[in-house]
Amino acid sequence: MDNMIEMKNVSMSFGALEVLKDISLSIKRASKTVIIGPSGSGKSTLLRCINLFERPQKGKIIIDNEEITHLRHRDLCRIRQSIGMVFQAFNLYAHKTVLENLCMAPVLLKKEKYKDVKERALMHLDQVGLSDKIDSYPSKLSGGQQQRVAIARALNMEPKILLFDEPTSALDPEMISEVLNIMTKVAQEDITMIFVTHEMGFASNIADRVLFLNEGIIAEDGTPDEVFNNPKNERTKQFFSKILKHT
Amino acid sequence: MFALFKWKALFLSWDVFILGFAITILVSLISLIVTLSISLIVGIIRCSNLKRSKRFANWYITFFQNTPLVVQIIFLYNVLPHLGIVFSPFICGCIGLSLYTGAFGATVIEAAILAVPRGQFEAAYSQGMSYLQAMYHIILPQAAKIALPPMTNQTVNLIKNSSVLAMIAGGDLMYRADSWAGENLFYGPSFIITGLLYLSLCLPLSKFAQNLEKKVKTK
Ligand SMILES: Nc1ncnc2c1ncn2[C@@H]1O[C@H](COP(=O)(O)OP(=O)(O)OP(=O)(O)O)[C@@H](O)[C@H]1O
Ligand SMILES: [Mg+2]
């Protein structure tokens, strides 16, 4: 099978609020998908269902041909090792240096040799242009630098899947492009990636596929060109006209 | 009170005070270690989603925070023997002090854990850590920093509260000072020295806690 991620009839509610409504979705191995949509439409929830940060009440989630919805906690931890996540708020380990941030989990969880992990970490830090910051603490870095470290940290686990939840939304405007550049570079790798982002330029550049999520339903699904230039759905058109007005 | 002969008598029995002082330090040290363990375990339980343990933790904290330490220690010493459980005054003191201070320490640890941003947990989970791994490697080291000043204050309280051992003839500084003065009625010198000895333990710790708090605030 060529699908890395499959969601089958996934529904998710918070109390009475139904956030995801019967979503079925297949994501191809090594593909790059961008999810857009208005605030509160369920983008983060959809992303967080993939590593089971949120447990959907209905439906199945299948990662690399293994159903994870019914896994025991221990197996879930193993699955999560191969699903990296980059957060809006970076979430670097505040009490650890940049190098420790990258090396800790692979050594602790994947039982790799520190020497090998460190070598790989240095390579990834070079990739995000932060080789000179290996011994800095996160609090001493700018937002853009922290997010680049967070990306390197996720890469250093050698994941099969990378999830990005609005990785540039918390950044000052002048730092957004440095992070987008790194993400564009990272998108060349053979990892299956899903980005929740409002950066349309970035999306057109790297995405194979764009999903427009509206009120818990995938309202639009196509190539960037199809979705951005010929949206079928009225709600999608409204959304784009608003975004264009604001930027 | 300032009669020279009273002070002379006191210095001749210096060994009484030093012995009491040593026992106070020993009781405090043992109780501190037990207190820290209780605080850590109960504090973590309070932040977990273990329903039963949580109810037990709530009950423990409410009960021990809201009854006087003296009552707890006298209960341990005088009532438990009727149930066939006999502890020496020293052990009773350590158990009472630890349970009492642990009830406060647990809320300190709980608050410190809750003060660590939620995102730290999420990052750890996203990399595949279990609850305990995330707690041990990511959350507790950061919570410890936050908890250190209030925990030091709890230690000061513990040292001062160890004086209730005197109520059950615990052999501590307070007890020995009181019985020494009870024999010769030299209460003034006896308790001046006793106060100074407690001060010599508590003041440096208080200052230490204050400095830490300042450091955390200016950050
Ligand atoms: N843990 C939660 N408990 C209760 N409600 C939640 C929770 N998480 C999300 N929600 C609600 O679910 C809805 C969808 O949230 P979600 O975060 O998935 O939206 P989003 O598309 O990511 O929005 P945004 O662009 O603002 O990040 C929102 O109405 C939100 O208030
Ligand atoms: Mg969101």
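The values are calculated or read from the model by the stated rules, or taken from the named source; none is laboratory data. Here the structure is a predicted model, which is why all the values come from computation and not from measurement. Methodologically, a virtual Cβ is constructed for each residue, glycine included, from the backbone with ideal geometry; neighbour enumeration extends over all protein chains shown. Calculation scope for accessible area: heavy atoms of the full protein, side chains included, ligands and nucleic acids excluded. Shrake-Rupley method; radii C 1.70, N 1.55, O 1.52, S 1.80 Å.
Note on segment A:1-113: with charges restricted to the Cβ of Lys and Arg (+1) and Asp and Glu (-1), its dipole about the Cα centre is near 200 debye. Rg/Rh for segment A:88-158 stands at 0.93; both radii use Cα atoms, and Rh follows the Kirkwood definition. Placing unit charges on each Cβ (+1 for Lys and Arg, -1 for Asp and Glu) gives the protein assembly as shown a dipole about its Cα centre, and among B:Ala111, B:Thr101, A:Phe202 the Cα reaching farthest toward its positive end belongs to B:Thr101.
In this rough spin-label picture, where each label sits 7 Å from Cα along the Cβ direction, the B:Asn66-B:Ile192 distance is 4.4 nm. Among beta bridges identified by DSSP and lying wholly in the protein assembly as shown, the antiparallel ones come to about 55 percent. Give the Kirkwood hydrodynamic radius (Å, one decimal) of the protein assembly as shown, defined as one over the mean of 1/r across all pairs of different Cα atoms. By the Kirkwood definition, the hydrodynamic radius is 26.3 Å. The lysine pair count for segment B:4-218, using Cα distances under 23 Å and pairs eight or more places apart or on different chains, is 7.
Out of the total accessible area of segment B:44-160 (probe 1.4 Å, heavy atoms of protein only), what percent is carbon and sulfur? Here carbon and sulfur together make up 67 percent of the probe-accessible area.
Name the residues of segment A:23-54 whose amide N is less than 14 Å from a point 7 angstrom out from the Cα of A:Asn65 along the C-beta direction? Of the residues in segment A:23-54, A:29 have backbone N under 14 Å from the label point off A:Asn65.
Take the Cβ atoms of A:Ser204 and A:Ser142, set R0 to 25 Å, and the FRET efficiency comes out at 0.40.
Comparing Cα centroids, segment B:7-21 and segment B:146-160 end up 29 angstrom apart. Per residue, the protein assembly as shown exposes 49 Å² of solvent-accessible protein surface, assessed with a 1.4 angstrom probe and all protein chains in place. Label-to-label distance for A:Lys8 and A:Ser24 is 1.0 nm, based on points extended 7 Å past Cα in the beta-carbon direction. Sorting the segments B:98-108, B:59-69 by their residues' average number of neighbouring beta-carbon atoms within 10 angstrom, most packed first, yields B:98-108, B:59-69. Taking every residue in B:125-137 and counting other chain Cβ atoms within 10 Å of its Cβ, the average works out to 6. A helix-only calculation puts chain A at -12000 deg cm²/dmol for mean residue ellipticity at 222 nm, using -39500 (n - 2.57) for each DSSP H run of at least four residues, averaged over all residues. The orientation-averaged projection of the convex hull spanning the C-alpha atoms of segment B:1-110 amounts to 9.5 square nanometres. Across peptide A:82-93, the mean count of Cβ atoms from other chains lying within 10 Å of each residue's own Cβ comes to 4. By the Kirkwood approach, averaging reciprocal distances over each pair of separate Cα atoms, segment A:31-190 gets a hydrodynamic radius of 16.6 Å.
Per the Debye formula on identical point scatterers at the alpha carbon atoms of chain B, with no solvent, log10 I(q)/I(0) at q = 0.07, 0.13, 0.14, 0.17 Å⁻¹ is -0.29, -0.83, -0.92, -1.16.
Under a model in which nothing but the beta-carbon of Lys, Arg (+1) and Asp, Glu (-1) is charged, chain B shows a dipole of about 720 debye around its Cα centre. Relative to the Cα centre, the charge distribution of segment A:111-247, modelled as +1 at Lys and Arg Cβ and -1 at Asp and Glu Cβ, gives a dipole magnitude of about 280 debye. Annotation note: trypsin sites (Lys or Arg not before Pro) in segment A:85-115 located in DSSP loop regions with a Cβ neighbour count of at most 15 within 10 Å are A:Lys110, A:Lys111, A:Lys113. Taking packing as the residue-averaged number of other Cβ atoms within 10 angstrom, the listed peptides B:111-124, B:77-90 run from highest to lowest as B:111-124, B:77-90. Look at the alpha carbon pairs under 8 Å that are at least 6 residues apart: their mean separation over the length of chain A gives a relative contact order of 25 percent. Interface of B with A. Using a 1.4 Å probe and counting protein heavy atoms only, the two chains hide about 1600 Å² of accessible surface, both sides summed. Taking the C-alpha atoms only, the angle from helix A:98-109 to the longest principal axis of chain A is near 80 degrees.
For the set A:Lys118/A:Lys160; A:Lys60/A:Lys237; A:Lys32/A:Lys185, the pairs lying more than 24 angstrom apart at their alpha carbons are A:Lys60/A:Lys237.
Remark: the B:Ser200-B:Asn49 segment gains 50.1 nm on full extension, using 0.36 nm per residue and subtracting the alpha carbon distance.
The mean number of Cβ atoms from other chains found within 10 Å of a Cβ in peptide B:112-118 is 1, as a whole number.
Between A:Thr223 and A:Asp126, the C-beta separation translates, for a Förster distance of 41 Å, into a calculated FRET efficiency of about 0.80.
Membrane-span-like helices of chain B, defined as complete DSSP H segments with a Cα extent of 18 Å or more along the helix axis and a mean Kyte hydropathy of at least 1.0, are identified as B:14-47, B:89-115.
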